[in-house]
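Engineer: My questions will all concern the structure given below.
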Amino acid sequence: MNNFIKLLFAFAVICFAYSCTDLEEDLVGDITTEITDPGIPTTTEGPGSGPLAAAYSSLRDAGTANHGSYYSIQEITSDEMAICAKGGDWFDGGILIELHRHTYGPTHAFVNNAWNGTYGAINTVNELIAGGTLDANQTAQARALRAYYYWRLMDLYGNVKIITSPGVDAPQSSRDDVFAFVESELLAALGISAVSSSMDLSSSSLGTDNNAYTINQFGALGILAKVYLNAEVYTGTPRWGEAMAAASYIIDSGVYSLCDDGCTVKNLGKRAGVPSDPENLEGYAAVFAANNDGNPENIFTVNYDEAGAGGMNFSQMNLHYSSQFTWNLDAQPWNGYATLEDFYNSYESGDARKEANFVVGEQLDFGGSAILDYASDDGDLVLNYTPSINELEPNSLREAGARPGKFQFQQFGRPDMNNDYPIIRLGDMYLVRGEARARMAGDWNMSLSDVNVIRARAKVSEMTSIDAAGFLAERGREMFQESARRTDLIRFGAYNDAWWEHPADASDHVNLFPIPFDQIQASAGTLTQNPGY
């Protein structure tokens, strides 16, 4: 095996130390122990121990919902959130500031981690396919999952290597060729030659079983819909019609439904001494709850479980150290990710998504008492998450910024969370269809029927008119924290705009991440750097 392949695949899950080097802090208070069993799940049925278990578990290993890889470079490069330097905490050599200000380069650790993690997942799938033990359905699932990973690479880096056999190198392919490969693999799994309003999936080797932990026909179509939605960015040729047809097929099938009124789960984060905490979570909030497995909106999700399927650690990444007392968390949080004020303020009052997506204001413990921050640097001992952030660096206030809380935190939560993470869900498909229809017609008002379905679920009034900026804002409010914002901003031509602590980019070369320096060095001249780096 040559040096490139050795470096590419000689890794496992990287344990990132960037966020945890100096954040431990002695807290004054007690973790509550007098709590009856809140029904916290300890196991979750996922892909199981079958031949594809390793392939689907690679979704967790590829940085999907943790710090230092794919999730991070999709989110903190956008106008959704940032990780601010709080003196020595979270400076991390400036790499987090580089992501927010788009000054990242080929040696950036997170950019390299995302490359490694994705190719490692691809190698896992390649080994399973090469083993020759998969049946037709399993092979179709594996090919669709591998296509999803290549979509990530195409979106992040552009020109990459299409490796389909373990231990075999390949030349660097153009972004057009990677797009063609992704499309062809998904179409093959679906058993069709093209996506259209009259397509017949009866010959597909993929099933229609409603199991969000595996890719069925609807999951593959959902991935294709998102690929086609961005086709003009990737290839220069729009594919709005196919994006709309794929999303419509899923919506019109009736297999999935929006989690709305009456769609409830038990609130595993409820505090006994806080009357405002509901017994149950309903609608949008239930989609992302700690017990969201089996939610009727989810089409394809990553299976996370605190006991045996770890890797989602948003409670650690987002919350202030003292928020450990709110949820009686097993470990002290790191006080990192925070929402930008303008993004937080883009939600209307009464928007159910605003309440579900953010932790903001004065914080209370399980008994309803105020939580104190004895090292407070804002003149107030009460822990109070303020939407405003004073600065990105060097001395951001410790409590500044509404904290991402879309993926619910639960009582006695461990660092690894139980919430399943959606890759394809029905709410997204409504917005894909609405955008594709509007772009085809050259009239953003053509998206209103789909936009208003989503707004109705959020308990906000219907829109009577909308433009491109309004649609992007609405999509942001719905898709917050789902690793979509960077890709959406690029598609709307807004990624290079100025926002808080991010000056307008002098060049749009940053729309692609650099090919990691380590990979180029190991490639023996078979990888070429993206322009501008």
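Engineer: Given the stretch 178-262, what helices (runs of 4 or more DSSP H) lie entirely inside it while holding 1 or more residues that are surrounded by 23 or more Cβ atoms within 10 Å (Cβ to Cβ) and modelled with pLDDT under 95?
Structural biologist: none
Engineer: Another question, then. Which of the residues spanning the stretch 498-531 are more than 28 Å from Ile389 (Cβ to Cβ) and exposed (fewer than 13 other Cβ atoms within 10 Å of the Cβ)?
Structural biologist: Ala524, Gly525, Thr528, Pro531
Engineer: Now, a different point. Is it fair to say Ala456 is farther than 30 Å from Tyr149 by Cα, outside any loop (DSSP other than H, G, I, E, B) and hydrophobic (A, V, I, L, M, F, W, C)?
Structural biologist: yes
Engineer: Could you count how many residues in the stretch 476-509 are in a helix (DSSP H, G or I) and within 16 Å of Leu340 (Cβ to Cβ)?
Structural biologist: The total comes to 7.
Engineer: Pull up the stretch 413-448, narrow it to residues that are touching an Asp or Glu at 6+ places or on another chain (Cβ under 7 Å) and of a type in the set (Phe, Trp, Tyr), then point me to the one that is surrounded by the most Cβ atoms within 10 Å (Cβ to Cβ).
Structural biologist: Checking each candidate, the answer is Tyr430.
Engineer: Among the residues that make up the stretch 106-114, is at least one of them aromatic (Phe, Trp, Tyr), under 24 Å from Gln316 (Cβ atoms) and in contact with a Pro (Cβ under 9 Å, 6 or more places away or on another chain)?
Structural biologist: Scanning the stretch 106-114 turns up no residue that is aromatic (Phe, Trp, Tyr), under 24 Å from Gln316 (Cβ atoms) and in contact with a Pro (Cβ under 9 Å, 6 or more places away or on another chain).
The values are calculated or read from the model by the stated rules, or taken from the named source; none is laboratory data. This structure is a prediction, so every number in the text was calculated from the model and none was measured. Every residue, glycine as well, gets a Cβ built from its backbone with ideal geometry; the counts of neighbours run over all protein chains shown.
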